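Single-structure report; data block below.
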Amino acid sequence: MVGAEFSFGWTDGNMEEIDPRYDIMIFYENNNQLGVGLQAGVVLGATHQILLYAFYNEAKRKFNISFETLAGVTYTQEDTQNFGRFGLGAEFPLFEKLHVRANVAKSYTDYGDLETSMNVNDKLDFNLGVLVSF
């Protein structure tokens with residue numbers, strides 16, 4: 001099994017923060033997000049219902065950041081972030097139209113040359129989901 005996917009969307013979650021120490025307001029305005037993914041796997045079992053797969057997904061998110069001081073000085077910049085996940089997973093049926101999917105993945109981000117206050121690289125995450133076929 002080999003597959004690819006493409007996604008496009010708009011992110012929600014605009015944010016506003018006021019920092020009284022510097023008399024500044026910061027506005028984060030989300031724009032769009034693009035994503036691509038690849039999967040490759042093998043189907044096992046006597047009835048060919050167990051799927052073992054490897055995957056890779058990457059998304060690029062664009063957003064604007066605006067700064068405004070109480071004195072009326074403003075500044076706006078457009079930023080992008082890249083997010084990625086790669087890992088291994090399995091899917092198998094519970095009932096006729098109900099499947100369970102589990103995977104373990106490593107995540108990474110790319111902020112370019114920007115310094116950030118968070119480090120999300122080298123993190124492992126686990127996912128467990130139920131799929132309904134119709």
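A few comments on the model shown:
- Close lysine pairs were tallied over segment 2-132: pairs 8 or more places apart or on different chains with Cα atoms under 24 Å apart number 5.
- Mean separation of Cα pairs under 8 Å and 6 or more residues apart, divided by the residue count, gives segment 41-98 a relative contact order of 38 percent.
- Order of R21, R85 - criterion: other Cβ atoms within 10 Å of each residue's Cβ, fewest first: R21, R85
- Radius, Kirkwood style, for the chain when every pair of distinct Cα atoms is counted (Å): 18.0 Å
- The chain: relative contact order in percent, alpha carbon pairs under 8 Å with at least 6 residues between: 18 percent
- Efficiency of FRET between I65 and D125 - r from beta-carbon atoms, R0 30 angstrom, step 0.05: 0.65
- Among residues other than Q33 with Cβ under 15 Å from its Cβ, the summed charge is -3 (Lys and Arg +1, Asp and Glu -1).
Read the figures in this text as sums done on the coordinates, not as results from a lab. Bear in mind the structure is a predicted one, so any value in this text is a computation, not a measurement. Cβ sites come from the backbone with ideal geometry, for glycine too, and all protein chains shown count toward neighbours.
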